[in-house]
Structures are given as C-alpha cells and as structure tokens.
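Below is one structure, written out as structure tokens; the observations come after it.
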Amino acid sequence: MAEYINYDAWIERYKTFIASNPAFASQLESYLRWISYITAGRFEHSPIISELIYSASSLLGLVNDTILRKAANIPLHVNTSVESLQRCLAILEYTEVFLEIASSRLGGPSIRWIVITVIQLIKTALHLVLLLRFDQGIQKCPAVSPLNRRRDLSQLQNRNKKENGHNSNEKTNCTPMEVTFSLKRSGRTIRTLAAAPPLSKRTWKLPESEKQPKNTPKIHFPPTSLEGQQFAAELLHLMRPMTHLATMGLYGTDSWKPWIVALGMDVSSLHLLRENEQLNHAEQLELTRRALMLVMFLLRSPFYDRFSREKILQILSSIARNIPVMKLFMYPLMEYLPEWQKSYFHTWVL
C-alpha cells in the first residue's frame with residue numbers, strides 16, 4: 001500500500017518557512033523570472049515554456065505575499081469578499097497571456113479568440129462587481145498590489161527577532177542590555193553609557209526602544225467613491241477591453257477602428273478622472289500608470305505594423321552596431337520582438 005502523504009503538514013511547513021524567510025521567497029521568485037527571460041526564443045516551444053515559468057513566478061509571488069500578509073497581520077482588504085474577488089482577478093491577470101499563447105499553439109486561432117473572450121468576460125464581470133456592488137472606485141492593475149517586503153514586513157521581522165532573542169536568552173540565562181533608564185526624581189529618560197554610540201554619531205535623540213509602539217505601515221487606502229462623470233469614466237475604462245474585442249470582431253483585426261476606439265476610451269477616461277482632486281495616493285499612482293500605458297498604443301497593431309516597427313528595429317540595430325556589448329542583448333530582442341508584440345501589447349492585456 002502506498003504511503004499516505006500528509007499534504008496539510010507540508011503546506012503548514014511551507015507557510016512557516018516563508019514567514020520566517022521572506023528574503024528567500026523573493027530570491028526564488030526572481031530566479032524563476034530570470035529563467036523565463038533566458039528560455040525565451042531558445043527552442044521551438046520556448047514561448048509557451050517561458051510564459052508558463054513567468055506565470056508560475058507571479059502566482060508564487062501572490063501565494064507568498066498572502067502567507068506573509070497573514071503572518072504579519074496585514075490585511076489585503078477589510079472586506080473578505082472584495083479580497084477574494086481581487087485575488088481571482090490577479091490570478092487571471094497573471095495567467096491570461098500564457099493561456100492565450102497555449103491555446104493558440106494547441107488549438108489554433110479560433111480557440112485562441114474563444115479563450116481571450118471568455119477571460120475578458122470574466123475579468124470585466126469581476127471589475128463591475130467590485131465597482132457597482134462594493135463601490136471600490138478606481139480599479140488597480142494588478143488587482144492585488146505586490147507586497148513591499150522590505151517596508152511592510154518590518155513588523156514581522158521585529159517579531160521574529162524578538163522570538164529568536166527570547167529563545168537565546170532562555171538558553172544562555174542572560175538578560176538583554178538596557179539602552180535607557182529613568183531618573184528617580186525627575187522621571188527623565190536618558191541613554192545608558194553602555195548603549196552610547198561613537199562620539200561622531202551621537203545625537204540628542206534617544207535610541208528606539210522595543211517597548212515603544214511602532215507605527216504600522218498603511219497598506220490599505222480606502223477607495224474614493226466615484227460619482228457622476230468620474231463613475232462613467234471608470235466604467236468606460238473597465239469596458240474598454242470588451243469594446244475593443246467587439247469592434248475587432250465587426251471590422252477585422254487589421255482595421256484602424258478598434259485601435260482608435262480603444263485609444264479614445266482611454267484618453268476620455270483619464271481626462272475625466274484627472275478632474276477628481278480627492279483621489280488617494282494609490283489611485284493617483286494608478287492614473288499615472290494608465291497615462292504611461294498610452295505609449296503602448298505605438299506598439300499595438302495596426303499602428304505598429306505600418307509605422308513604428310521599422311523605426312524601432314532601426315534604433316535597436318543602431319545601438320547594436322555602435323555599442324559592441326549591446327549586441328548580446330539587441331539581436332535576440334530584435335528576433336523575439338514580433339513574438340512579444342503579438343502576445344504582450346494587446347489592449348486587453350495591459
């Protein structure tokens with residue numbers, strides 16, 4: 001009889017390990033991303049393999065962030081339903097390119113368009129539920145912002161240090177060094193001589209005490225409620241992928257009409273949303289990202305096919321000729337650029 005494997009125990013071990021070693025989690029995700037870059041264009045099925053590895057690294061990052069958020073008691077959102085919907089959106093965002101490439105290679109163009117349409121219908125429905133049902137305002141991309149592990153996990157790291165220090169103190173039976181003490185008469189807190197830094201680095205500020213409460217990072221910004229024109233503008237942005245696909249179905253993939261409609265919807269939405277001066281910092285960053293993404297219309301067909309492709313190839317070729325070291329990077333980029341343009345610069349992906 002085959003030996004029973006306790007998967008729950010392994011999952012708990014993994015959670016404990018990641019919570020104690022967030023730096024290892026970041027390194028593992030980075031290694032997977034670099035492997036996906038290296039394998040791109042190396043063999044026949046490299047686009048599928050490369051995108052599979054990249055999607056796996058993104059999903060692993062999402063899982064690790066979830067573990068670290070729970071360990072540090074940093075909620076993704078105050079509403080668990082919103083949190084679940086955002087995670088579903090993030091999973092679709094991280095895997096949609098892989099699913100598109102795989103369906104195109106395995107099933108042909110017709111299966112590819114079916115997969116694209118189904119994914120965008122689900123994404124649009126989830127976005128609309130977040131906007132209409134839960135009043136989440138401006139939708140961010142990615143739906144779940146990656147955890148800033150250096151900044152946001154200070155609380156978890158301090159907790160691990162305290163636990164390790166507590167365990168070591170129990171083993172060695174020694175007490176930690178006091179860095180400050182209070183005068184009996186005045187009650188004034190001053191630094192001990194043992195904790196004094198070198199003379200060149202001394203200041204009038206007291207050393208940070210572990211007993212003092214630390215300010216926890218503000219991870220969740222309450223969404224700004226949208227009304228009137230701003231609500232219509234966000235709705236316009238959310239409906240843009242499906243509108244673009246619908247116009248492509250009506251006028252063809254080589255027509256200028258889908259490109260112009262998508263660009264017009266993006267510019268109109270940004271113009272209206274910029275008029276709202278009550279947006280929080282996270283929402284302002286999202287609008288900045290959307291403004292920068294307008295540059296991607298230069299890399300989208302039919303504009304790319306008729307105008308920007310030759311210019312971009314000329315620039316890359318000039319860099320490769322004039323800077324010898326850049327040959328190692330520019331020529332593979334020029335060879336793989338058509339594949340990237342077909343996969344990563346669609347309106348419904350970005």
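Any read-out appearing in this document is the output of simple, stated calculations on the displayed coordinates, not a laboratory observation. Remember, it's a predicted structure, so these values are computed and weren't measured experimentally. Please note: Cβ atoms are built from the backbone with ideal geometry, for glycine as well, and neighbour counts cover all protein chains shown.
Quick notes on this one:
- Relative to the current alpha-carbon distance between Leu287 and Phe134, full extension at 0.36 nm per residue lengthens the span by 53.1 nm.
- A straight line joining the Cα centroids of region 12-83 and region 299-331 runs 32 Å.
- Residue order, fewest to most beta carbons within 10 Å, for Lys140, Lys70: Lys70, Lys140
- Taking the convex hull of Cα positions in region 247-350, its mean projected area over all directions (nm²): 8.5 nm²
- Taking label positions 7 Å along the Cα-Cβ direction at both Val349 and Ser20, the computed distance is 4.1 nm, reported to one decimal.
- FRET efficiency for Ser308 and Gln278, using Cβ-Cβ distance with R0 set to 41 Å, rounded to 0.05: 0.65
- This ranking places Ile101, Ile35, Ile260 by how few other beta-carbon atoms lie within 10 Å of each, fewest first, which gives Ile260, Ile35, Ile101.
- Volume in Å³ per residue [convex hull over Cα atoms, computed for region 39-125]: 84 Å³
- Exposure proxy ranking for Val267, Val78, Val144, Val261, based on other Cβ atoms within 10 angstrom of each Cβ and starting from the fewest, stands as Val78, Val267, Val261, Val144.
- Per-pair calculated FRET efficiency, R0 = 25 Å: Tyr336 and Ala246 via Cβ, rounded to 0.05: 0.25
- Length available on full extension from Arg105 to Arg42: 0.36 nm per residue minus the Cα-Cα distance, which gives 21.0 nm.
- Divide the volume of the convex hull around the Cα atoms of region 33-86 by the residue count and you get 73 Å³ per residue.
- The order of the peptides 323-329, 12-18, 237-243 by mean Cβ neighbours within 10 Å, most packed first, is 237-243, 12-18, 323-329.
- Extension gain, Ile11 back to Val325 (0.36 nm per residue minus Cα-Cα distance, nm): 108.5 nm
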